[in-house]
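Here is the structure we will look at, set down as structure tokens.
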Amino acid sequence: QVQLLESGGGLVETGGSLRLTCEASDRTFSRGGMAWFRRGPGKVREFVATIRWSGGNTAYASSVKGRFTISRDNTKNTVYLQMNSLNAEDTAIYYCAGKTRYWILSNVPTKEDDYDYWGQGTQVTVAS
């Protein structure tokens, strides 16, 4: 079974940076892509960023655009989320997700249902 493992979460001060890592056990998502979602206190899980495996096309939630960057390493089956200018609203459990189905360029996957596999999450806490 495909496994996703997140790491890199922790405690950071407002304005600081963190880089999250998600390692996939194989290349199952090569036709689709991988993404980051998050669930903050008292909130539902929301889309953060996604990357198409082929070509590296990316999309971001408006709340993180310009501050977060998603990237991939094809040789390691790994995606990263570089988070800069963090604020209290970024405090959440961050989840890695993988999409096995083909991602056509016109349909950017931003919904939970677009993804087939999920990691267990890594906690990011931003001190206010």
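Surface exposure of the chain, expressed per residue as accessible area with a 1.4 Å probe, stands at 52 Å². What a 1.4 Å probe finds exposed on segment 1-65 is 44% carbon and sulfur by accessible area, rounded to a whole percent.
Overall, the accessible surface of segment 66-128 at a probe of 1.4 angstrom is composed of carbon and sulfur to the extent of 44 percent. Label separation (ASN57 vs ARG39): 2.9 nm, computed from points 7 Å beyond Cα along the C-beta direction. In a simple Cβ point-charge model (Lys, Arg +1; Asp, Glu -1; nothing else charged), the chain has a dipole of about 280 debye relative to its Cα centre. With a/c under 1.5 counting as rounded, go ahead and sort segment 1-86 into rounded, prolate or oblate using the C-alpha gyration tensor (a ≥ b ≥ c being the square roots of the eigenvalues; past the cut-off, prolate if a/b is larger than b/c, else oblate). It comes out prolate by the Cα gyration axes.
The values are calculated or read from the model by the stated rules, or taken from the named source; none is laboratory data. Computed from a predicted structure; not experimentally measured. Cβ atoms come from the backbone with ideal geometry, glycine included; neighbour counts cover every protein chain shown. Each accessible area value is taken on the protein alone, full model and side chains, heavy atoms only, with ligands, DNA and RNA left out. Shrake-Rupley method; radii C 1.70, N 1.55, O 1.52, S 1.80 Å.
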